[in-house]
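Accompanying notes for the structure given below.
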Amino acid sequence: MINITFPDGAVRKYNKGTTALDIAKSISEGLARKIIAASVNGQVWDATRSINEDAALNLLSWNDPDGKTTFWHSSAHLMAEAVETLFPGVKFWVGPPVENGFYYDMDLGDKKMNEEDLLALEKKMSELAKQNNSYTRKEIAKTEAEKYFTDKGDQYKLDLLSGLNDGEITFYTQGNFTDLCRGPHIPNTGFIKAIKLTSIAGAYWKGDEKNKMLTRLYGVTFPSQKELDEYLLMLEEAKKRDHRKLGKELGIFTMDDDVGPGLALWMPNGTVIIEELEKLAKETESAGGYKRVVTPHIAKESMYLTSGHLPYYKESMFPPMELDGTKYYLKAMNCPHHHKIFAAEPKSYKDLPLRLAEYGTCYRYEQSGELFGLMRVRCLHMNDAHIYCAKEQFYEEFKAVNEMYLKYFKIFGIDKYVMRLSLHDPKKLGQKYVDEPALWKETEELVRDVLIKTNTPFVEVQDEAAFYGPKIDVQIWSIIGREFTLATNQVDFAQGRSFRLEFTNQDNKPETPLIIHRAPLGTHERFIGFLLEHYAGKFPLWLAPVQVKVLPISDKFLDYAKTVSQKLKKADIRAEVDDRHEKIGKKIRDSELMKVPYMLVVGEKEVNENKVAVRRQGKGDIGVKDLDVFITEAVVEIKERREE
Ligand SMILES: [Zn+2]
Ligand SMILES: [Zn+2]
């Protein structure tokens, strides 16, 4: 018998050689139908693979990220089987899962694949899926594996094999298709109920343009048709809400070749949003006891050697510039500068916690192929802060940071979010992780404790912590269900030592503070990119670049329109007058297109009665109001940062 430990800590005995699927069945048939893979001692396995020793087991379904990945990767095998049926002689390279689905790189020889082929392939795939073919794992000797692919004439798989050692090679077979793969896979093809092949692209073999261009076929699959339909609807909506398209239409940001790739220029409308976000951050941080600091954009090489950014982070930094024989680097992170501020004056326990905040500008080298609108850039403005605290203050500090995230989510109507708690791997202490087993255990427990006690949804991921401590990646979903990684929240017990940061504790002894790195609003670039999609450009009143547009019916009422606008501005409302010689219908349409929340139409009646005819963006006419009443209501709506 072997001991199986479940995520809740329960331990049960099973026969040696049992499988995750058997175990699921022993709990309930309903559960077993949902299990597509398992995490066995932290490693993702086939649900049908024998477990021969004591193990910690986590059953994985479609709703687990690792379950989804296994599902999509298995679908790549199914797609390959279909391609082999319709394109005999095809040679395969690799077929990994990606963020939304999977792809397979293949050499079609002198054949070409077109859109019609995709439909035929989808049909073939569902036919094969319905056969409920099992994915069977087989350990195989290297010579035998080489013979298989030599006979098949697949030089790409032979190339993969050349990098593998005898004893670590496995084949997986489903139906009539066998692939060299380390797995894992779903139990059988019957789980794949809905299939969409999304695109055909070219990709150089091994990403090297000197090599042959292979065909990359992308697809996505789901365990039900309903989920596929929802996904396609979401894609369509996402296209309309593309932040690059909206960013241009609404005058939010621009990119210029002479400035350089990945360096966004914030236009006046975008700058308003930036300033509103910073105002929110300043208010919130001030209430939370933070102090603001300002630091230069560059620093000497020596500081980045101390921080460990050099050499470990070097490829993500801009190359150095030399001045008086010293190298200077553009900062990729604000932390080292803040540490120097901490170190500038002696500290006692009475000075802690010290919370230093800065909307810091950082520069990171992202490969040009990785750059994407505001989502992947080379210059970013980060909602950064570092909290220096004693160990016994950690719980409260971390809890407050967590609450700050939740407060922001509420303001922005982010209902779906998950915190991914990344932990260390004890086996890699001293290599990948700072060798402080006790501190790791302690901080990981503290962080977990906060998440549990505050009812925050979170998942745990092994072996993905930062070098210096556990971290939380915050993932949020926009209103149309697209996922964004917003920010990380990290605990750090190492940098304090590298920088020799100290405070005098209550026993009058020097002690190194723990450091929390946090950035709840991420960077302006990514967050505003997210908000553009989330709101489809229709920003709530408090964030809207132009909050009110005053629309005179004709030039006769222009003076009154200007008076209205002046009064609005006096009340700190961002107002503009549309003084063009255009028909009122056109003025309304243009304001609607620019997604201005309120339009105030003024004509004869409004002038005589000191009123305004109010229109709400997307809603139309909402009635005539006294100007003062409108102003009072709008000011409250802005102050409360209401969504509407
Ligand atoms: Zn595979
Ligand atoms: Zn930091």
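Solvent-accessible area of the range 187-232 (1.4 angstrom probe, protein heavy atoms only): carbon and sulfur portion equals 49 percent.
Taking a ≥ b ≥ c as the square roots of the eigenvalues of the alpha-carbon gyration tensor, the range 199-256 is classed oblate because a/c is 1.5 or more while a/b is no larger than b/c. Using the Cα coordinates of the range 334-442, the gyration tensor eigenvalues translate into equivalent-ellipsoid semi-axes of 27, 21, 20 Å, sorted from longest to shortest. When the charge dipole of the range 450-546 is built from unit charges on Cβ atoms (+1 for Lys and Arg, -1 for Asp and Glu) and taken about the Cα centre, the candidate among Ala465, Leu514, Ser478 whose Cα reaches farthest toward its positive end is Ser478. Computed log10 I(q)/I(0) for the range 24-88 at 0.22, 0.28 Å⁻¹: -0.91, -1.19, from the Debye equation with unit scatterers placed on every C-alpha and solvent omitted. Positive-end ranking of Pro552, Val635, Gly373 along the dipole of the chain, with charges on Cβ about the Cα centre, is headed by Pro552. Taking a ≥ b ≥ c as the square roots of the eigenvalues of the Cα gyration tensor, the range 430-488 is oblate, since a/c reaches 1.5 or more and a/b is not larger than b/c. Using R0 = 35 Å, the C-beta based FRET efficiency linking Tyr313 and Ala203 works out to 0.80.
Computed over the range 60-191, the P(r) tail beyond 18 angstrom holds 55 percent of alpha carbon pairs. Remark: relative contact order (the chain) = 9 percent; criterion is Cα-Cα distance under 8 angstrom and separation of 6 or more residues. Positive-end ranking of Leu265, Leu446, Pro7 along the dipole of the chain, with charges on Cβ about the Cα centre, is headed by Leu265. Note on Thr485 and Lys327: the extension gain reaches 53.6 nm, defined as 0.36 nm multiplied by sequence separation minus the Cα-Cα distance.
Note on Glu403/Lys111: beta-carbon distance plugged into 1/(1 + (r/R0)^6) with R0 of 41 Å gives a FRET efficiency of 0.10. With both labels modelled 7 Å from their Cα along Cα-to-Cβ, the Glu283 to Lys152 distance reads 6.1 nm. Of the cross-linked pairs Lys248/Lys538; Lys391/Lys471; Lys347/Lys471, which ones have a Cα-Cα span greater than 22 Å in the structure shown? Distance filter (> 22 Å) returns Lys347/Lys471. Shape class of the chain from the Cα gyration tensor (axes a ≥ b ≥ c, square roots of the eigenvalues): oblate, since a/c reaches 1.5 or more and a/b does not exceed b/c. Charge dipole of the chain (Cα centre as origin; +1 on each Lys and Arg Cβ, -1 on each Asp and Glu Cβ, all else neutral): 760 debye, rounded to the nearest 20.
Each 10 Å bin from zero holds the following percent of Cα-Cα pairs in the range 326-397: 16, 36, 27, 16, 4. Along its principal axes, the range 34-130 has C-alpha extents of 51, 24, 22 angstrom, given from the largest down. Projected label points at Asp425 and Val624, each 7 Å from Cα along the beta carbon direction, are separated by 7.3 nanometres. In terms of distances greater than 27 angstrom between alpha carbons, the cross-link table entries Lys240/Lys410; Lys16/Lys427; Lys428/Lys453 yield Lys428/Lys453. What the chain shows is 49 Å² of accessible area per residue, with the surface traced by a 1.4 Å probe over protein heavy atoms.
If you look at the Cα atoms of the range 452-580, you get an Rg and a Dmax of 24.6, 78 Å. Against the chain, whose longest principal axis comes from its Cα atoms, helix 627-639 is set at around 30 degrees. Listed by chain and number, the aspartates and glutamates whose alpha-carbon sits under 13 Å from that of Lys619, ignoring those within fewer than 8 places in the same chain, are Glu592, Glu644.
The accessible surface of the range 405-467, taken with every protein chain in place and a 1.4 Å probe, is 54 percent carbon and sulfur. From the alpha carbon centroid of the range 257-284 to that of the range 325-358 is 24 Å. Cross-link reach is defined here as a Cα-Cα straight distance under 19 Å, omitting same-chain residues fewer than 8 places apart; for Lys147 the lysines meeting it are Lys91, Lys138, Lys157. Ranking His381, His77 by solvent-accessible area of protein heavy atoms (1.4 Å probe, all protein chains present), from largest to smallest, gives His381, His77. Overall, the range 1-128 carries a charge dipole of about 540 debye about its Cα centre when +1 sits on the Cβ of Lys and Arg and -1 on the Cβ of Asp and Glu, all other atoms neutral.
Modelled spin-label separation between Ile584 and Leu86, with each label point placed 7 Å from Cα along the Cα-to-Cβ direction: 5.8 nm. Counting only residues at least eight positions apart within a chain, or on another chain, the aspartates and glutamates with an alpha carbon under 12 Å from that of Lys68 are Glu99. Put simply, the convex hull of the Cα atoms in the range 258-414 casts, on average, a shadow of 12.0 nm².
Distance distribution note for the range 480-549: the fraction of Cα pairs above 19 angstrom is 58%. With axes computed from alpha carbons, what is the tilt in degrees of helix 225-240 against the longest principal axis of the chain, rounded to the nearest 10 within 0 to 90? Orientation of helix 225-240: about 40 degrees from the principal axis. Measure nothing fancy, just the Cα-based angle from helix 65-86's long axis to the longest principal axis of the chain, in degrees from 0 to 90, nearest 10. So the inclination is approximately 60 degrees.
Using R0 = 22 Å, the C-beta based FRET efficiency linking Asn15 and Asn41 works out to 0.75. Quick one: Cα centre-to-centre distance for the range 542-597 and the range 448-492, in angstrom? Centre-to-centre distance over Cα atoms comes out at 43 Å.
Of all alpha-carbon pairs in the range 502-644, indicate the percentage at a distance above 17 angstrom. Result for the distance tail: 65 percent. Largest first, the three principal axis extents of the alpha carbons in the range 238-323 are 45, 40, 27 Å in whole numbers.
The values are calculated or read from the model by the stated rules, or taken from the named source; none is laboratory data. Bear in mind the structure is a predicted one, so any value in this text is a computation, not a measurement. We place every Cβ from the backbone using ideal geometry, glycine too, and count neighbours over all the protein chains shown. Ligands, DNA and RNA are stripped out before the accessible areas are found, and what is left, the full protein with its side chains, is counted by its heavy atoms. Shrake-Rupley method; radii C 1.70, N 1.55, O 1.52, S 1.80 Å.
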